[in-house]
Amino acid sequence: MDRRNFLRAAGALAGLKVGCLELPAAEAATGYRALVAVMLAGGNDGMNTVVPLDSSRYDRYCAVRGSIALRSAADTEHVLGPIVPIGDGSWGLHPRLAALKPLADAGRLAHVANVGPLARPTTRADFAAWRNLNDADKLPEALFSHSDQQKLWQNGVSRTDGSSVGATGWGARLAERASAGLYSFAGNSRFGSGSTRSALILPGPGATMTGGLGAWQPAATWDPAVKLNAAFLTAMKAPNADPLFKAFARLRANALDAVTRLGGLIAATPGSVAGNAGIDAAFQRAYACGSGTVSAYATVLGKQLYQVAKLIAAHATVGGSRHIYFVQLGGFDTHGGQPDIQADLLSQVGIGLASFMEAIDGMGLTDSVTSFTLSDFGRTFRPNNTLGTDHAWGNTQLVLGGAVRGGAWGSYPELTLGGPDDAGIDSWEFQGRWIPTTSVDQYAATLGGWLGLGEAALLALLPNLGNFSVKRLGFMQV
């Protein structure tokens, strides 16, 4: 193969974005488990995602949040009300998360309070003493920065350079140690970047995976196309001692295997494959959304979760008894006009996850699939002057599935500006940037333990986990 053709073929395969993934060999369905990471990019406001409804805390919440506080009374578009009580009524969801209420009431939705990157347990006094030291063994680096905090959340460390884990993500490290397949429907991410293999990046519904491969079409029956396929594969198998070419050959083989096995699954859209009827119905179900209705399939996040649901349904074809998926919804950097913006985004989260769980239930895999959120950071408890909030630290995350122990987990902040949970030391800094009481390491270890890893593997996977006396938080049935 000459240089021009090599580069052309390399470019075609790069379009598949396969990374260094080796798809696991198919295993029996017994014991199948999948994690679905839902990245809320930009920093979702957890304080307006789940709200305490006991009178003392709710009164403090309303006093500070003012005009952006969630309310018991309904507004026309359900932007701020009515709050949706869940469980025993001591907590409430944002009105646009109402689709998750049945799951919360059934004990299948956990909300984990005040989670964030930490190097070690940190009190307000610790933060005051450490914040000017520039020591990532004490405090995470570059707090309140979007790009840096996304790295820390997805790296599972406290250093922006990744330190001992480099530029790898804890999703990829977990996949490597658990021999799990790793897939993304949201492009490249730090979460899915590994040292030996990275996430297989897949397109949305209706897309073809062979668009960049020129003549090669695995299902071709027309004689000229069959001959072109044979010529293409023969050329690609030509011996070559160059190590770069060998690496490319490995990439190529994985790409062609992925196209052959997954192409039909990826391309399927609602109504195109009879066997997907249950998934199609779940994602086309109309849910209330303000004064109108919307289906999950009509949304950005819903289409990604639709793809995940199809692959989980066909996990025997996909291969392996452990899968990790990554999806993402952006736009949560709500410095202004937060009520309307967050309402629209949380509609996608609530409707998308409710539809996804309906599809999973229909497969009989309720206890085998766990979805969880992550985000850059939380938002300031005190709003700014433009009906928005600013960058903060600790945040509430949602975990959903049949193996979840539902309800409230973690230590909820005291809701006092300048109080024991506030990272503000000087009075002008009293904004309610909550110092996390649960680390990303503990959050990730709890999910990794459910996927099957023991404590030794989790300590190797998450470098700072050993600094915390409690390694797993208990919100998963292991």
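Go through Ala136, Leu152, Leu93 and say which Cα lies farthest out towards the positive end of the charge dipole of the range 86-163; charges sit on Cβ, +1 for Lys and Arg, -1 for Asp and Glu.
Result: Leu93.
Note the full-extension length gain between Asn384 and Met363 as 0.36 nm times their separation in residues minus their Cα-Cα distance, in nm to one decimal.
Stretched fully, the Asn384-Met363 segment lengthens by 3.0 nm.
What is the angle, in °, between the Cα long axis of helix 3-14 and the longest principal axis of the Cα atoms in the chain? Nearest 10 is fine, range 0 to 90.
The angle comes out at about 40 degrees.
On a 0 to 90° scale, report how tilted helix 440-451 is relative to the longest principal axis of the chain, with both axes built from alpha carbons and the result rounded to the nearest 10.
That works out to roughly 50 degrees.
For the range 248-333, report the translational diffusion coefficient in µm²/s to the nearest whole number, using Stokes-Einstein at 20 °C, 1.002 mPa s, and a Kirkwood Rh over Cα pairs.
Details: Rh = 14.8 Å.
This corresponds to a translational diffusion coefficient of 145 µm²/s.
R0 = 22 Å: FRET efficiency of Thr269 with Thr293, Cβ-based, nearest 0.05?
Values: r = 20 Å, r/R0 = 0.93.
Once the sixth-power term is evaluated, E becomes 0.60.
How many nm separate the modelled label positions at Ser164 and Asp223, each set 7 Å beyond the Cα in the direction of the Cβ?
Placing both labels 7 Å beyond Cα along the Cβ direction yields 6.4 nm.
A 28 angstrom limit on the alpha carbon distance is what I want to check against. Which of Lys151/Lys471; Lys310/Lys471; Lys227/Lys303; Lys101/Lys303 exceed it? Provide the component values of the computation, followed by the final result.
Details: Lys151/Lys471 21 Å; Lys310/Lys471 33 Å; Lys227/Lys303 36 Å; Lys101/Lys303 22 Å.
Those over the limit are Lys310/Lys471; Lys227/Lys303.
Between beta-carbons, use under 12 Å as the cut-off and find the net charge around Phe191, counting Lys and Arg +1, Asp and Glu -1. Please list the in-between numbers first.
Numbers: positive: Lys151, Arg173, Arg190; negative: none.
Overall, the nearby charge balance is +3.
Which whole-number percent of Cα pairs in the range 78-163 have a distance greater than 17 Å?
Details: 2215 of 3655 pairs.
Of all Cα-Cα pairs in the range 78-163, 61 percent lie more than 17 Å apart.
For the range 136-192, what value does the Rg/Rh ratio take when both radii are computed over Cα atoms and Rh is the Kirkwood radius, given to two decimals? Walk me through the numbers before you get to the answer.
Working: Rg = 11.8 Å, Rh = 11.8 Å.
Computed over Cα atoms, the ratio is 1.00.
Of the listed peptides 287-293, 37-43, what is their order by residue-averaged count of other C-beta atoms within 10 Å, with the highest listed first? Walk me through the numbers before you get to the answer.
Values: 287-293: 14.6, 37-43: 23.6.
Output ranking for 287-293, 37-43: 37-43, 287-293.
Quick one: plug the Kirkwood hydrodynamic radius of the range 319-445 (C-alpha pairs) into Stokes-Einstein at 25 °C, 0.890 mPa s, and report D in µm²/s.
Using the Kirkwood radius from Cα pairs, D works out to 146 µm²/s.
Scale the Cα Rg of the range 292-335 by the rule-of-thumb value 2.2 N^0.38 Å and send over the ratio, two decimals. Please list the in-between numbers first.
Values: Rg = 13.9 Å, N = 44, 2.2 N^0.38 = 9.3 Å.
Rg over 2.2 N^0.38 Å, computed on Cα atoms: 1.50.
Among Ala457, Gly402, Ala392, whose Cα lies farthest out toward the positive end of the dipole of the range 378-478, if unit charges sit on the beta carbon of Lys, Arg (+1) and Asp, Glu (-1)?
In the range 378-478, that residue is Gly402.
Taking Cα atoms of the chain, Rg/Rh with Kirkwood Rh, to two decimals?
Numbers: Rg = 23.2 Å, Rh = 23.3 Å.
That ratio is 1.00, to two decimals.
Return the distance in nm (one decimal) between the two label points of a simple spin-label model at Ala106 and Val478, each offset 7 Å from Cα along Cα→Cβ.
2.5 nm
Readers should treat all values here as calculations from the given coordinates under stated rules, not as data from a laboratory. It should be emphasised that the depicted structure is a prediction, and the values quoted were computed from it without experimental measurement. A quick note on method: Cβ atoms are made from the backbone with ideal geometry, for glycine too, and the neighbour counts reach across all protein chains shown.
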